[in-house]
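Read through the structure below, which is laid out as structure tokens, and then see the notes.
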Amino acid sequence: MQAGSKMTENKPKSNWVIEINENLCKGCEICIEFCPFTIFGKSDKLNRKGYYLPVVLIENKCNGCRLCELLCPEIAIVLTEE
Amino acid sequence: MSQPRNQMMNYIREEIMPHRFCPGCGCGTVLNVFTNAIDNLKLDPVKMVCVSGIGCSAWIPSPYFKSDTLHTTHGRPIAFATGVKVMRPDLKVVVIAGDGDVSGIGGNHLIHAARRNIDLSVFMVNNMIYGMTGGQVAPTTPTGVKTSTTPHLNIEPPFQVAELVAAAGASYVARWTTYHVFRLIKAMEEAITKQGFSFIEIVSQCPDNYGRRIGLRTGVEFLKMFKKQAIPIDKARELPEEKLEGRIIVGKLRDRERPEYTSELHRVTKEQVDKIKAEQEKIS
Ligand SMILES: Cc1ncc(C[n+]2csc(CCOP(=O)(O)OP(=O)(O)O)c2C)c(N)n1
Ligand code: SF4
Ligand code: SF4
Ligand SMILES: [Mg+2]
């Protein structure tokens, strides 16, 4: 786990919505690899530039730690709390 | 289809996104982290000047960050930034540039700015290579690496730039990697707030022009390596040098108070002006 991240096991459950800007993503797979809950997976969908987009597989496991949002080199990930 | 928008785009020249960095390049993460630090500090970019040199990393502030920017010549961002700070001490002046820029051709500017302890924040993106020009050896390239200018493997030891800057006199010095995003944001906030010369060495990845030479072809592979090789400075201090081979020492190396250059300069200038005025009054 990343020191300094806001991740805590007993954080009250809330719904985080994860969206990916398809125009910005370059398919680097950093979000897929580093999400502590392995929420993302590879998809077979290509964006206009020819990059394979990640896909959110299990959104309800997200606890809003924001690691994917901050690691993404394209600032393509948007996390919102519902 | 309308696309989701990250709030950090408020700080970015959105009309030219996506940026030009290669997929998985650390430069993008540094831009991401930097905008988050500015957002946390609630700094108005209008009260900032960002200065860069030449190289991929130099593109992070210019053109992408939405403040006034000076995109200067290779090696000279700290020299230009010094001029800006002396004339406009009210502005936050931030330099973001590469390891070649800052520690190679601009190395002398770096050590003297640290010695003067001028109130600049310098974020050196250390991807251990000259990325933009295709992968030539840098002063930060590890020994034994094959680059386009060291075809028989690099025989030189790399600069430990953070340690160098700390020894030269900077007020604040830290080293983190593009994997340590939370720590890096915090460090940037501290560096920008600190009076005096602040320096962060950001160990970063160039998958294209460095990674392929050392068998790390993607951003993911680099970040895994950074995670594995990073060692906190307190732990590193307990280990003998040979045990630190290949490790990346991360953390805060310096955080101290020292007289700052521009305030000292303006103090002596004011003293001299007051003296002259007093003499003129005596005469008249
Ligand atoms: C005076 C001068 N010398 C050499 C160059 C060629 N040049 C452009 S970028 C660069 C190196 C960039 O390396 P670095 O600063 O580490 O940035 P990176 O691309 O790795 O982010 C060089 C040598 C130049 N533009 N100007
Ligand atoms: S980290 Fe960003 S650019 Fe990389 S695959 Fe995920 S969304 Fe795309
Ligand atoms: S050449 Fe290297 S440093 Fe430059 S954009 Fe590509 S990956 Fe990044
Ligand atoms: Mg470089």
May I ask you to work out the translational diffusion coefficient for the stretch A:14-81 at 4 °C, viscosity 1.567 mPa s, via Stokes-Einstein with Rh from the Kirkwood sum over Cα pairs, reported in whole µm²/s? 109
Using only alpha-carbon positions, what ratio does the radius of gyration of the protein assembly as shown give when scaled by 2.2 N^0.38 Å? 1.05
Around A:TYR52, what is the net charge, scoring Lys/Arg as +1 and Asp/Glu as -1 over all other residues with Cβ under 12 Å from its Cβ? +1
Can you compute the modelled spin-label distance between B:LYS277 and B:LEU265, with each label point 7 Å from Cα toward Cβ, in nm? 2.1
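Would you mind telling me the share, in percent, of accessible area of the stretch B:7-259 contributed by carbon and sulfur at probe 1.4 angstrom? It would help to have the intermediate numbers written out before the result.
Details: 5650 of 10340 Å².
With neighbouring chains kept in place, the figure for the stretch B:7-259 is 55 percent.
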Among B:40-52, B:266-278, B:20-32, what's the highest-first ranking by average C-beta atoms within 10 angstrom per residue? B:20-32, B:40-52, B:266-278
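Can you give the % of DSSP beta bridges in the stretch B:7-259 that are antiparallel, to the nearest 5?
Beta bridges within the stretch B:7-259, antiparallel portion: roughly 20 percent.
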Long-range amide H partners of B:THR150, meaning residues 5 or more apart or on another chain whose placed amide H is closer than 5 Å, are B:VAL137
Cα centroid separation, the stretch B:189-259 to the stretch B:6-78 (Å): 20
Partner chain Cβ atoms within 10 Å, averaged over the residues of B:16-22 - can you pull that number for me? 4
At 222 nm, what helix-only mean residue ellipticity would the protein assembly as shown give, in deg cm²/dmol to the nearest 500, using -39500 (n - 2.57) for each DSSP H run of four or more? -9000 deg cm²/dmol
Let me test this: with uniform point scatterers at the alpha carbons of the stretch B:1-53, what is the Debye-based log₁₀ I(q)/I(0) at q = 0.13, 0.25, 0.32 1/Å? -0.37, -1.24, -1.41
Calculated FRET efficiency for the pair B:HIS112/B:GLU241, C-beta based, R₀ 25 Å, to 0.05: 0.35
Using all C-alpha to C-alpha distances in chain B, build P(r) with 5 Å bins and read off the rounded percent in each one. 1, 6, 12, 16, 19, 16, 12, 7, 4, 2, 2, 1, 1, 1, 0, 0
For the protein assembly as shown, give me the percentage of DSSP beta bridges that are antiparallel, rounded to the nearest 5 percent. 35
Angle check, please: helix B:181-193 long axis (alpha carbons) against the longest principal axis of chain B (alpha carbons), in degrees 0 to 90, nearest 10. 10
Once the Cβ-Cβ distance between B:ARG20 and A:THR80 is put in as r, and R0 is 30 Å, what FRET efficiency do you end up with, to the nearest 0.05? 0.60
Name the residues of the stretch B:26-65 whose accessible area falls by at least 30 Å² when all protein chains are present instead of the chain alone, probe 1.4 Å? B:THR29, B:ASN32, B:ASN36
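The values are calculated or read from the model by the stated rules, or taken from the named source; none is laboratory data. Keep in mind the model is a prediction, meaning the values are calculated, not measured. Don't worry about glycine lacking a Cβ; one is built from the backbone with ideal geometry, like all the others, and counts go over all protein chains shown. Each accessible area value is taken on the protein alone, full model and side chains, heavy atoms only, with ligands, DNA and RNA left out. Shrake-Rupley method; radii C 1.70, N 1.55, O 1.52, S 1.80 Å.
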